[in-house]
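A.B. asks: Can you keep this structure in mind? I'll have questions shortly.
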Amino acid sequence: MDIVSVNRVRRLLAQYGERFFERMLTPGELADCRTSSGLDVLSLCGRIAAKEAAFKTLRVRGRFLPWPDIVVRRSEGGWPLVELHGPAAEMAAESGITEITVSISHDVDYAVAVAAPIIAPTPSSSNS
């Protein structure tokens, strides 16, 4: 689980502009957060929280969040999907994780995300 302050992200956006978030989100993710009047801050916060929550499911120590390698996109049905690439996919494989599901919620002040790993089934040890 992760929580992101909407006010903090608004301050970062005002101070540094969209370029600050290009280190964290892919062009497709930014496009998903864009409206006709610019970036939707609640959507932006939700994506950031989802990436952090997904990273936490990998349970790795001494590694930094590979921001561009954890991609949170909107499915055709509207729910969020997590795609793992590069180092994030390698960390997941090392942990036996085949997929990560995520749920995002946001309100005026905060966005939260809960992520759950889907673990690869282990072969049955009782083959008779």
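A.B. asks: State, as an integer percentage, the relative contact order of the chain based on alpha-carbon contacts under 8 Å between residues 6 or more apart. Before the final figure, lay out each step's value.
C.D. replies: Working: 207 pairs, mean separation 38.7, N = 128.
Reported relative contact order: 30 percent.
A.B. asks: Per-residue ellipticity at 222 nm for the chain, helices alone: DSSP H runs ≥ 4 residues times -39500 (n - 2.57), over residue total, nearest 500 deg cm²/dmol?
C.D. replies: Result for the chain: -10500 deg cm²/dmol, rounded to the nearest 500.
A.B. asks: Applying 1/(1 + (r/R0)^6) with R0 = 35 Å to the Cβ-Cβ distance of Tyr16 and Thr122, what FRET efficiency is obtained, to the nearest 0.05? Could you put the intermediate results ahead of the total?
C.D. replies: Working: r = 45 Å, r/R0 = 1.30.
Efficiency for this residue pair is about 0.15.
A.B. asks: Can you give me the long-range amide H partners of Val60? Hydrogens built in the peptide plane at 1.01 Å from N, cutoff under 5 Å, separation of 5 or more residues or another chain.
C.D. replies: none
A.B. asks: Additional query: For log10 I(q)/I(0) by the Debye sum over Cα atoms at q = 0.09, 0.15, 0.18 Å⁻¹, pick the label among [x] -0.33, -0.92, -1.20; [y] -0.23, -0.64, -0.91; [z] -0.27, -0.68, -0.95 that corresponds to the value derived from the coordinates.
C.D. replies: Step by step, log10 I(q)/I(0) by the Debye sum over Cα atoms at q = 0.09, 0.15, 0.18 Å⁻¹ for this structure corresponds to label [z].
A.B. asks: Using the heavy atoms of the protein chains and a 1.4 angstrom probe, tell me the accessible area per residue for the chain in square angstrom. Don't skip to the answer; put the middle values down first.
C.D. replies: Working: 7800 Å² over 128 residues.
About 61 Å² of surface per residue is accessible.
A.B. asks: How do the peptides 100-109, 64-73 rank, highest first, by the average count of neighbouring beta carbon atoms within 10 Å per residue?
C.D. replies: Numbers: 100-109: 15.8, 64-73: 19.1.
My ranking of the peptides, most packed first, is 64-73, 100-109.
A.B. asks: Of the accessible area of the chain, with the probe set at 1.4 angstrom, what percent is carbon plus sulfur? Could you put the intermediate results ahead of the total?
C.D. replies: On the way: 4030 of 7800 Å².
Percent of accessible area from carbon and sulfur atoms in the chain: 52.
The values are calculated or read from the model by the stated rules, or taken from the named source; none is laboratory data. Keep in mind that this is a model prediction, so the values were computed, not measured. Every residue, glycine as well, gets a Cβ built from its backbone with ideal geometry; the counts of neighbours run over all protein chains shown. Quick note on the areas: whole protein, heavy atoms, side chains included, nothing else; ligands and nucleic acids left out. Shrake-Rupley method; radii C 1.70, N 1.55, O 1.52, S 1.80 Å.
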